[in-house]
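See below for the structure under consideration.
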Ligand SMILES: Cc1ncc(C[n+]2csc(CCOP(=O)(O)OP(=O)(O)O)c2C)c(N)n1
Ligand SMILES: Cc1ncc(C[n+]2csc(CCOP(=O)(O)OP(=O)(O)O)c2C)c(N)n1
Ligand SMILES: [Mg+2]
Ligand SMILES: [Mg+2]
């Protein structure tokens, strides 16, 4: 089964061929590298940009204005913070022009911890992104969802932020992408750029098909009765594993993969909370002015009298960075053990 | 009594004379203008910078590294968003160097609505600022607090973000700043730059004295029994007025002026919530991934069983901007009527 | 409006002047546009001062440059036409392109009928997708980061459409100005962008020479291999000729060109600085009128009559706009998404 | 380490060479530092490959430029000494300044003893307040925005201390590079900054000529009235002489100077690209050793012996570091504030 990097690559190939994508660009996005995480190898519309994030976002906005369909990459979300004004502008262009202009562009960027990235290759971007109106924001946790969300992003009329959980980019999926060959070696040979000289290499794309994960739809990855866990990205599989572990202890947790952070699937979240009466929100962004706090606020304001315990957020510690040493990273952002502990504590609360 | 712009000016004068402030700079901060809100008129260390916010923050960081004590201005917080990476860097320099370096710098910037500033002179910055670790963040709602917080900021060893609620900059205080002449006309003549040619003008500073409002201390501006209202900046006086109105209806609201957003005075907030059982957080930043949601989350997680009603946030609508027309601005950010309505509704909730 | 422009461009008494390098019809057309633009800005300022608007910012003093710019634009929608990334002093360009004046009044009064932003944005913040006029943004210089994007689409399409980006002198201190130079001059990927800087030697209250060590802003293009020129933006004739050459270069060579135009700022920075007329700077309109008179193309009486007629018309428009509805508060949620 | 540098700089067999414009002691000292720096980077790469570190980035290939740079620095704390805003390829400069090698190994292994970041930051991310070495940042080019700040403090103080900022070629596409030029050259406020760009003609995998239309990066200084020069950073002698001139100019004139140094990148971008030695680029150390040999200042045997000695010492240090403790998880909350 394809890993998430391959899934994104195939989705972009599909989008180049069928959805009118004209430019996939950013630092080292084109040949020979095809992206620092290989997500853009072998694609026909890729190109390498100058080392200038502001220029990248500006270029994407200009291309979108002129009827092109760009997918721009910021190499790591850690390096997107000098462009927030431009992201805000992209998000307000339709509104400020009273509906005249729209910007069909995708910005994709790797986020989160999990690769010992130290201070500047470990940032999360969900808190900052969700505070910028006018964007749609997605973040897959499986290759198939990455594929489906990228197709949806490339069909959108509005700016879409596609957050790539870097810890999951090399993890293989459990579901086949339509058209994907079942044999991983075969897939790799067809679409992974070879080591060494790549100048003559061309990807042999499988005939991948249309599979759209609609923006705004969460997925319940595990049904449960005692508590609800809402997460996305790197922490989602940890939540699912934690739920599996806790099932053995008689705790039945429902796990929701949000997939779209904005506009998010409140119907799915609230239905689950109404059923379980308890909710844990998990993400790895720093925990002050965190998107999980928005979700928790909404749950509190709207479902207060159905809550059997205080809703809870488990997020990254409020630190200036994630330290390189193993122990520092582990202590800074939620790990599976932390999630299990939080779930147990919540489950144990007597109403 | 001095207005807030005058109070800030006097505080900066005090800080130049007594706290080692070496550079007060930014766009149009020096003569002849002395700041678009007059906050820096007549000061001896002011200078006009190039029109380059990244350069301004970078300059402040460099000056602080080299032992100077800069106060940098970003003309409107609406124009700070291309510097978030530098603000993050300023916030992580001490931590990343394992305590070697510290950056004693102040960034001040006008925030919020209230002057029909349209999309780009109405932004709030509290949500974004509180998501950047390593900074202290203050926001006065009275001239005396502005004076005292500026002195505290200029004594700090760490970066301080001083948010100036622009709607309140021209409002006179009700308390005298130590050393301030009682007569407003006299004060204005002494420290407000004249219209017309200012080349020969010098401020006649009153002998203002030391008055420090310690960072991290909230102020209860009105005691009450039935509900707690926590706010800061432009909305704080509206909350106080709303509480006064509601007192006539038999609703007794306690109003807390947070003054420091980070590190905030949890002791004051929690003590009040424990007393009243109900809390309304009010600010005007857009309401998704909003700092009020952090406060609400903490109240919920820690005080759930003492809450007599769901805690509530009243904040700016989640819009790409604030529209220029009066009706648009009014509908976009909390006004006194909205606050009264929210307070009444909260007071009316039966436990 | 387009009708009127025509009217002014065919005056009754044209004396042929060999001394001037442009034909009289064009000269008089330019004068008509300049005059209308000036009157429009003065009307907007008056509206502000009468309380019919919260904020004024605009381009009085830049007409001699902005009108020729407008006349040379190939207007229309999509990459086959010129793309325009303007700043907030560009009213004269819009008028020269044929835009009616009333839209600017509506935006000044932030009415629901404001064609550019529906009462949401400040005066001078044009946006007109039909003509590829990108929304004017308040943040200085960001348009320079976007311009290479539309230009790349145009380069790809072929044809002769180009991108034009404008901004002030102080703003060139922002990194985005440099980004524009970098992105426009990638080897083999040079882009058809006309990069314009209108240098009025002010950034609000800060004089150019106090903060910028660059003698001529156009010099910044040199290292990038970008053609560049500093021109007299107070002279509509040389502006026209210089711009014509620049447009032709960009249209045919498909490469960038930087024009720095020295211009005046006649009413200060904006209403925040009072919006009062200054006599300390050259007035391009008065100078041009004097020139046209010297060459027998215009009389003082004719100029006065024109001014009165335009002023009258603007007053009538202002009266109309005064009674138009403000946007409904419920509309704040409209157009967050397309 | 400083002791050793001395040792290498007083070799037993100095034959006086009139052909070389620097005295032999200095040449041999430079060679010693270059060699140690190269060995250090090779040790760090080996540690990475052995799993004793998560990430390597550093400066092998830039020693011929970075060593003279270090030798010319006036080191100490505070504005009376040089301020250093370095990027992540500057180990040779630190060593030339007298920094022991073991700190770099500690940072590579992210031990609690790492003197620069306490195990928090990547290899090559030096920080040493005692010597005004500002923390090396991962975000490219931000150091260019900060450098004018320390330089302003120095200008104000008087004296001869200056600010030095370094970075790569690709990074000059960021607006911060332009900001540095703008802020260093304000009229009457010119700042004592030595602005360095080490041009290895790569940004990770992207060749310089694919994305930058600037022939010589030093040309970008011209418009700002900033003196500038492109030099051969692979030649330690000309690097020394050119840098000396630049330092003297900045120290005495109190004005900026831009040096672009053409250098090699011998082990690729970082461990992310494999960190394997390339033979496609000039090796400044090998070339310098050949030169010294030709001039009778060094023998192959001596060079080999030196290399073995340094390698041995670094191995010993690596063994030491291997057993040092990792930072305790509870320390994450230390030093958020001073
Ligand atoms: C990014 C940004 N910073 C600051 C401002 C506030 N501001 C508005 S206009 C202006 C001066 C612009 O000067 P210049 O670029 O020369 O243009 P001019 O107004 O003189 O035409 C400033 C500082 C802004 N709008 N955007
Ligand atoms: C702002 C920013 N964007 C992207 C990166 C990722 N990155 C690290 S090094 C590098 C290339 C730098 O090239 P150059 O400036 O020439 O320096 P060199 O590594 O060649 O010495 C990139 C893109 C980064 N660290 N910071
Ligand atoms: Mg100007
Ligand atoms: Mg390079």
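Here are the numbers for the structure shown:
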| quantity | calculated |
| --- | --- |
| Test for residue C:150: is it more than 25 Å from residue B:123 (Cβ to Cβ), away from ligand 1 (no atom under 14 Å from the Cβ) and either under 16 Å from the mean Cα position of the chain (by Cα) or free of Cβ contacts under 8 Å to residues at least 40 places away in the same chain (or both) | no |
| Helices (runs of 4 or more DSSP H) completely within segment C:21-136 that count 2 or more residues being within 16 Å of ligand 3 (Cβ to nearest atom), crowded, with 24+ Cβ neighbours inside 10 Å and within 13 Å of chain A (Cβ to nearest Cβ) | none |
| Which numbered condition residue A:115 misses (of (1) crowded, with 24+ Cβ neighbours inside 10 Å; (2) free of Cβ contacts under 8 Å to residues at least 60 places away in the same chain; (3) within 14 Å of chain D (Cβ to nearest Cβ)) | (1) |
| Search result, residues across segment B:18-56 that are touching a residue at least 12 places away in the same chain (Cβ under 8 Å) and not in a loop (DSSP other than H, G, I, E, B) | B:18, B:23, B:24, B:25, B:26, B:46, B:47, B:48, B:53, B:54, B:56 |
| Those residues of segment D:256-312 which are within 16 Å of ligand 2 (Cβ to nearest atom), away from chain A (no Cβ under 14 Å) and part of a loop (DSSP other than H, G, I, E, B), in sequence order | D:263, D:264, D:265, D:266, D:267, D:275, D:281, D:282 |
| Unmet requirement for residue D:314, which otherwise passes all of (1) exposed (fewer than 14 other Cβ atoms within 10 Å of the Cβ); (2) within 24 Å of residue D:89 (Cα to Cα); (3) touching a residue at least 24 places away in the same chain (Cβ under 8 Å) | (1) |
| Selected residue [in contact (Cβ under 8 Å) with a residue 40 or more places away in the chain and either more than 10 Å from chain A (Cβ to nearest Cβ) or surrounded by fewer than 21 Cβ atoms within 10 Å (Cβ to Cβ) (or both)] from B:253, B:325, B:247 | B:253 |
| Flag if residue D:175 is facing chain C (nearest Cβ under 8 Å) and on the phi > 0 side of the Ramachandran plot | no |
| Segment D:170-200 - residue that is without any contact (Cβ under 8 Å) to a residue 60 or more places away in the chain and touching a strand residue (DSSP E or B) at 6+ places or on another chain (Cβ under 7 Å) and, of those, nearest to ligand 2 (Cβ to nearest atom) | D:170 |
| Answer from B:269, B:339 - the residue that is under 22 Å from residue B:217 (Cα atoms), modelled with pLDDT of 95 or more, more than 11 Å from chain A (Cβ to nearest Cβ) and surrounded by 19 or more Cβ atoms within 10 Å (Cβ to Cβ) | B:269 |
| Every residue from segment A:3-14 that is part of a helix (DSSP H, G or I) and within 21 Å of residue A:201 (Cβ to Cβ) | A:5, A:6, A:7, A:8, A:9, A:10, A:11, A:12, A:13, A:14 |
| Residue list for segment A:186-208, restricted to those being surrounded by 12 or more Cβ atoms within 10 Å (Cβ to Cβ) and in contact with a helix residue (DSSP H, G or I) (Cβ under 9 Å, 6 or more places away or on another chain) | A:187, A:188, A:191, A:192, A:203, A:205, A:206, A:208 |
| Segment A:307-316 - residue that is touching a strand residue (DSSP E or B) at 6+ places or on another chain (Cβ under 7 Å) and facing another protein chain (nearest Cβ under 9 Å) and, of those, surrounded by the most Cβ atoms within 10 Å (Cβ to Cβ) | A:311 |
| Single residue of B:75, B:100 found to be within 16 Å of ligand 3 (Cβ to nearest atom) and either without any contact (Cβ under 8 Å) to a residue 12 or more places away in the chain or touching a helix residue (DSSP H, G or I) at 6+ places or on another chain (Cβ under 9 Å) (or both) | B:75 |
| Test result for residue D:119, more than 16 Å from ligand 4 (Cβ to nearest atom), modelled with pLDDT of 95 or more, within 13 Å of the chain's Cα centre (by Cα) and on the phi > 0 side of the Ramachandran plot | no |
| Test: residue in segment B:8-28 that is within 14 Å of chain C (Cβ to nearest Cβ), more than 16 Å from residue B:162 (Cα to Cα) and surrounded by 22 or more Cβ atoms within 10 Å (Cβ to Cβ) | yes |
| Among residues of segment C:137-160, those that are part of a loop (DSSP other than H, G, I, E, B) and within 9 Å of chain A (Cβ to nearest Cβ), counted | 2 |
| Only one of D:265, D:254 that is touching a residue at least 24 places away in the same chain (Cβ under 8 Å) and in contact with a helix residue (DSSP H, G or I) (Cβ under 8 Å, 6 or more places away or on another chain) | D:254 |
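The values are calculated or read from the model by the stated rules, or taken from the named source; none is laboratory data. Predicted, not measured: the structure shown is a model, and the values here were computed from it. Don't worry about glycine lacking a Cβ; one is built from the backbone with ideal geometry, like all the others, and counts go over all protein chains shown.
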